[in-house]
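Remarks on the structure that follows.
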6 protein chains.
Amino acid sequence: MAIVVRNTPRTALDVVDGLAELGTATVHEAQGRTGLLAARLRPIYRPARVAGNALTCEVPPGDNWSIHVAVEQARPGDVLVVTPTSPCEDGYLGDLLAESLRTHGVRGLVIDGGVRDVASLTAMAFPVWSAAICAQGTVKETPGNVQTPIVCAGALVRPGDVVVADDDGVVVVRREDAESVLATARAREENEAGKRQRLAAGELGLDIYAMHGRLAEKGLRYVDFADQR
Amino acid sequence: MAIVVRNTPRTALDVVDGLAELGTATVHEAQGRTGLLAARLRPIYRPARVAGNALTCEVPPGDNWSIHVAVEQARPGDVLVVTPTSPCEDGYLGDLLAESLRTHGVRGLVIDGGVRDVASLTAMAFPVWSAAICAQGTVKETPGNVQTPIVCAGALVRPGDVVVADDDGVVVVRREDAESVLATARAREENEAGKRQRLAAGELGLDIYAMHGRLAEKGLRYVDFADQR
Amino acid sequence: MAIVVRNTPRTALDVVDGLAELGTATVHEAQGRTGLLAARLRPIYRPARVAGNALTCEVPPGDNWSIHVAVEQARPGDVLVVTPTSPCEDGYLGDLLAESLRTHGVRGLVIDGGVRDVASLTAMAFPVWSAAICAQGTVKETPGNVQTPIVCAGALVRPGDVVVADDDGVVVVRREDAESVLATARAREENEAGKRQRLAAGELGLDIYAMHGRLAEKGLRYVDFADQR
Amino acid sequence: MAIVVRNTPRTALDVVDGLAELGTATVHEAQGRTGLLAARLRPIYRPARVAGNALTCEVPPGDNWSIHVAVEQARPGDVLVVTPTSPCEDGYLGDLLAESLRTHGVRGLVIDGGVRDVASLTAMAFPVWSAAICAQGTVKETPGNVQTPIVCAGALVRPGDVVVADDDGVVVVRREDAESVLATARAREENEAGKRQRLAAGELGLDIYAMHGRLAEKGLRYVDFADQR
Amino acid sequence: MAIVVRNTPRTALDVVDGLAELGTATVHEAQGRTGLLAARLRPIYRPARVAGNALTCEVPPGDNWSIHVAVEQARPGDVLVVTPTSPCEDGYLGDLLAESLRTHGVRGLVIDGGVRDVASLTAMAFPVWSAAICAQGTVKETPGNVQTPIVCAGALVRPGDVVVADDDGVVVVRREDAESVLATARAREENEAGKRQRLAAGELGLDIYAMHGRLAEKGLRYVDFADQR
Amino acid sequence: MAIVVRNTPRTALDVVDGLAELGTATVHEAQGRTGLLAARLRPIYRPARVAGNALTCEVPPGDNWSIHVAVEQARPGDVLVVTPTSPCEDGYLGDLLAESLRTHGVRGLVIDGGVRDVASLTAMAFPVWSAAICAQGTVKETPGNVQTPIVCAGALVRPGDVVVADDDGVVVVRREDAESVLATARAREENEAGKRQRLAAGELGLDIYAMHGRLAEKGLRYVDFADQR
């Protein structure tokens, strides 16, 4: 009783690529500190950075059949996002499937489960963010939903939402918000560039952000070590 | 009341080396998806790949005395496999012991505990799969069994069984099965090579494996996004 | 009601630098196997090695305000040590704050929480030992204590204690003990150098340390595999 | 920049109460094995069973201000569902807040964080499913969203969806599906009652479900222990 | 390609029952501190205590078909021991299956996975030691081995070995050793009864075991608090 | 090289008992939200509540010798606080040692490790807060420090500090602060009693604490569900 949804909408790739440049930390702040996937998802090699349209996929524990189904739905610029229906760390994807995904334009994989063949995946520079690395493969007995909204590592991901992933983790941006988040994130980035120079020159954040007054209000006191005893 | 078993049988090194070439994922499949050690065992550096005859060793929590005892039992081509008698993440092995193991022909270490001096171990290219990295060393108060059957990270390992380890994890192959598993694994590898080419050329797994009919039987339906609302 | 303690004592930098050379495993042994921080603190890149005077800082969950306050108290040769008042894996520090810390002479960060911008931190070679990597940033609502004694990852750390960190983990040495620990650790190191040569030449630890008698006393027996059945 | 959504729709209480009677395992099956919250949520006392309309609430780490805001939105028959914006195990709710929630008709709490005063909560029979028990309380510095869709312990929960919780865990049923899920679940329950009698009388599931043929197809073989050697 | 082994040997029930009386801690000591299953297995209610002949069973992740197969192999006095072939916390057993197991003489369940219907299981006093409690059920797609040797929670368990379980955990005793372990354990128990009286009368363990000399040898020193400063 | 410190100071038992009455949550708040031990320490039965003078003890992994040493230092009203020198979940204490501790006036045990015989400990109402329950016992090979300052589950505990433990966890109060913390906690308790009545009568926390203005300042907005679409 699983379904595959065809012809789902996607986000324009120039917006997607703009978000990739900015990275997860900046994008996460720019959309009001929302959309982060759980920190248990880690890149299998570093550095790695990618963004793409979410191609979503549910898999039963120990069964990767629907990933094969998902390949057929792929479009260039997608990132495959996979969530097991119950927690499972088996190796759902190896280098063969990665080869196939890449051929169909998929830029990387985000999975709240395990992967294997990570030496090959690293050699072929196919980026993966996973909850585990595990040599144990999977069967093909039960299909799961493809291109439906899913919850992956604690975040809601819908087909065509933008998935941004780098060494810091994975963030999802709603398709409807992608353009405005990109604009906000770019503004934030520029603002930080100026601050970086001042900090590198030795100015204190306390002074740049004029924090001393508010700290005093909140009750921060300075004491001397010698006076403390 | 611990024992050291001498003159345990070993697997021929050409079989061992054949299994190393194939890697854990292929070997694990080839023996019917059995023999995997728990995924908490991770290599201290990557890439790393090794196979060897299991030289087994039990250690009390926080006590590495029997590793010293094990060195004397080592033969060229062995991999040391260590399991604590209760969970302990102390650093059971450092670079001195690794030096000694290497001198006696041991190819690497698999331990469901911790190791230390990992910068040196990496520099000297002594591969280790461990459950932890920890600067805390161990004492030498209580000897444990050496070269007896042990359970390491959830798998039964007997002296002379083949231990295969790479970036995906660690698999044990029973001594009696090693030759036949090697043959099966090689056949599987060749079969995969053909598929890789077809997948890289853009063919779908769905077509190569003729999955559409069975997916329909299992109830998979395709719907259009526009029709869904 | 937080405080900042000024003019705390520090350990002389030649002692600090001597401890850095020896590394955590040796230092930990030299001070009687004490002072280790929990193994959940891992370097964000490897190899990495640093020692410094602890510049201590408490932070509420999800709030990094007091790190900004700590920058002002930094002296060249410090290592910032941060502990959340309740467990939190948010990314408390990114590359901007690292830039600022470095400009004020801070050599690295030890934090029982998360960091972000790890690709940049790696590129700028600012070493960090953290419990997590997480794109989620923090707010600036509540200041915490700076330069007071703290418990970080299970160890007591006081301002000016020496923090030694490398690929094996993090160790703290009490300011009062730093000189004597350095002497003991150096002696230990020299002793090991001799043993390394003998082990590399094939001598057994069992012989070097004359362990056979004590092993027999503890009940270790040797049996032959063939006799066992 | 948080919001409170007023006058959200709710599910009729007779449907809610029907689902409570059936329990999480049956309801989960009846809706196609979806909607389960992560198993880390456990009841603070057992047995406990409740269902209610989700009253949703986001909280920053270590900050329970928006729970106070949520009380005002409560209607009789609600269950409060709370998710921290980053993982935090502080005690977000104690007996005072529980008293207040109960007075406004709230039947229980589901929280992917911690609670405290569990002895009192148990004594007053206010059921709580939480990820932790922790004496550490929270501050009131930053409000979070109330009555917006949230992801709690890996499941999407919208205001007015039905939350069913018992000793086995917590399941969410979409408001639109609640009636049909109730019907399906009741049918399933009746079907099971008949099977229970047959099983208690000693019939084998293998016979009741006529599994022998399909097992043989899947390759199951019977061997005798004596023939195995 | 799974097998069911019929007519496996069992341990005499008077030996089994004798071990149940003594409990896991005593039995574990009596057999040289071996045979303990990992501490993640916990009873679903307390107090609970049982011993039985291991009826072993492997299950794929999320698939409990072979438990149905195992019921047919049950004999009065068995305890069902289940291990998933990869880690999975789904609810493999509910009250229907428990009813069936009990009818065929099975005394309880030990499973390195999850169970559900725990309120019913508690009410019917069917003891279970599991790694998780989870409302998510399982499918019946792939049979696993029944009555073969398995590794469960890190320990080797063979059909007919004795499984002893109580509030402290689960211990397995090899069939061949069961009688001698029972004798040793009983002797140990009697010895402890005498010591309990002396300790309850206020004698110190230090005196009963004459430890002062050996403590001094190991370097224990007594100092006075007042002299320490 | 371990030491036992004799004649350490203790806190007056009327202060200790006053703190027990108030419980951990109140005491933790009253001393500025400090002193909490990690939430992994849980009572072996509930409800349980105790306070006492800390009798501190360090143990090597898998070795409980120094607990025997500690018994001799016990005074009526003490609570034994034990920390392993590296993480270890073995069962450090069983019912014999508990019997001995009780006879010497010790009120309970707090241990960042494991205990066993929990069914007996529960029956004899000897309260224990532990990180694990485990049938595996320990050896007596290496003594550890007794009555020195230790870090237990992330908190600094000195001999004679007050340890308060209940169903919510464990808090330590510095000996010097015990009286003033008791006074503050009592005041806090009285204040809460008044609020409880008002909340039970249906008043909102938002009104009692006059939160609406500050919430608006922080940007909280109210919207209607119907207007949102």
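Observations, loosely collected:
- For the stretch F:14-97, the equivalent ellipsoid derived from the alpha-carbon gyration tensor has semi-axes of 25, 16, 13 Å in decreasing order.
- Accessible area of the stretch D:108-229 divided out per residue, in Å², using a probe of 1.4 angstrom: 40 Å²
- Members of the stretch A:212-229 that become less accessible by 10 Å² or more once partner protein chains are added (1.4 angstrom probe, chain alone as reference): A:HIS212, A:ARG214, A:LEU215, A:LYS218, A:GLY219, A:LEU220, A:ARG221, A:TYR222, A:VAL223, A:ASP224, A:PHE225, A:GLN228
- Long-range Cα-Cα pairs in the stretch B:151-204 (distance over 12 Å), rounded percent: 73 percent
- Taking the Kirkwood radius as Rh and the Cα radius of gyration as Rg, the stretch E:103-229 has a ratio of Rg/Rh equal to 1.17.
- Checking every one of the trypsin sites (Lys or Arg not before Pro) in the stretch C:143-228 against DSSP loop status and a limit of 10 other Cβ atoms within 10 Å picks out no site at all.
- Shielded residues, the stretch E:138-175 - accessible-area loss of 20 Å² or more between chain alone and all protein chains, probe 1.4 Å: E:VAL139, E:LYS140, E:GLU141, E:THR142, E:PRO143, E:VAL151, E:GLY154, E:LEU156, E:ASP167, E:ASP168
- Here the stretch F:92-189 exposes an accessible surface that is 49 percent carbon and sulfur, computed with a 1.4 Å probe and the other protein chains kept in place.
- Between F and E, roughly 3400 Å² of accessible area is buried in total, ligands, DNA and RNA not counted and the probe set to 1.4 Å.
- Cα-only Debye scattering, the protein assembly as shown: base-10 log of I(q)/I(0) at q = 0.04, 0.07 Å⁻¹: -0.22, -0.74
- Position D:GLU192: other-copy label points at 3.9, 3.9, 4.2, 5.1, 5.9 nm, ordered by increasing distance, label point 7 Å along Cα→C-beta.
- Alpha carbon Rg of the stretch B:62-106, scaled by the compact-globule rule 2.2 N^0.38 Å: 1.14
- Over the stretch F:9-57, the fraction of Cα-Cα pairs per 5 Å bin, rounded to whole percents and listed from the shortest bin up, is 5, 16, 22, 32, 19, 6, 0.
- Applying the Kirkwood pairwise sum to the alpha-carbon positions of the stretch B:71-141 produces a hydrodynamic radius of 12.1 angstrom.
- Label 7 Å beyond Cα on the Cβ vector: F:ASN7 copy-to-copy distances, nm: 3.8, 6.5, 7.8, 7.8, 9.1
- Restricting the calculation to alpha carbons of the stretch C:46-167 gives Rg and Dmax of 12.5, 35 angstrom.
- Gain on full stretching of the segment that runs from A:GLU189 to A:ASP17 - 0.36 nm per residue minus C-alpha separation: 60.4 nm
- The alpha carbon radius of gyration of the stretch F:110-164, expressed as a multiple of 2.2 N^0.38 Å, is 1.30.
- Pairwise Cα inverse-distance average, inverted: Kirkwood Rh of chain E (Å): 19.0 Å
- Neighbour cut-off at most 16 other Cβ (10 Å), DSSP loop, GluC sites (Glu not before Pro), the stretch D:145-225: D:GLU203
- When you filter the trypsin sites (Lys or Arg not before Pro) in the stretch B:24-120 for DSSP loop state and at most 16 other Cβ atoms inside 10 Å of their Cβ, you are left with B:ARG40.
- For the stretch E:96-167 versus the stretch C:1-71, the gap between their alpha-carbon centres in whole angstrom: 48 Å
- Remark: label point of A:ARG214 defined 7 Å out from Cα along the Cα-Cβ vector; separations to the same position in other copies 1.6, 6.0, 6.0, 6.2, 6.2 nm, ascending.
- Helix-only CD estimate at 222 nm, as mean residue ellipticity for the protein assembly as shown, using -39500 (n - 2.57) per DSSP H run (n ≥ 4): -9500 deg cm²/dmol
The values are calculated or read from the model by the stated rules, or taken from the named source; none is laboratory data. Not measured: the values here are computed from a predicted model. Backbone-built Cβ (ideal geometry, glycine too); neighbour counts: all protein chains shown. Just so you know, the surface numbers come from the protein's heavy atoms only, side chains and all, with ligands and any DNA or RNA stripped out. Shrake-Rupley method; radii C 1.70, N 1.55, O 1.52, S 1.80 Å.
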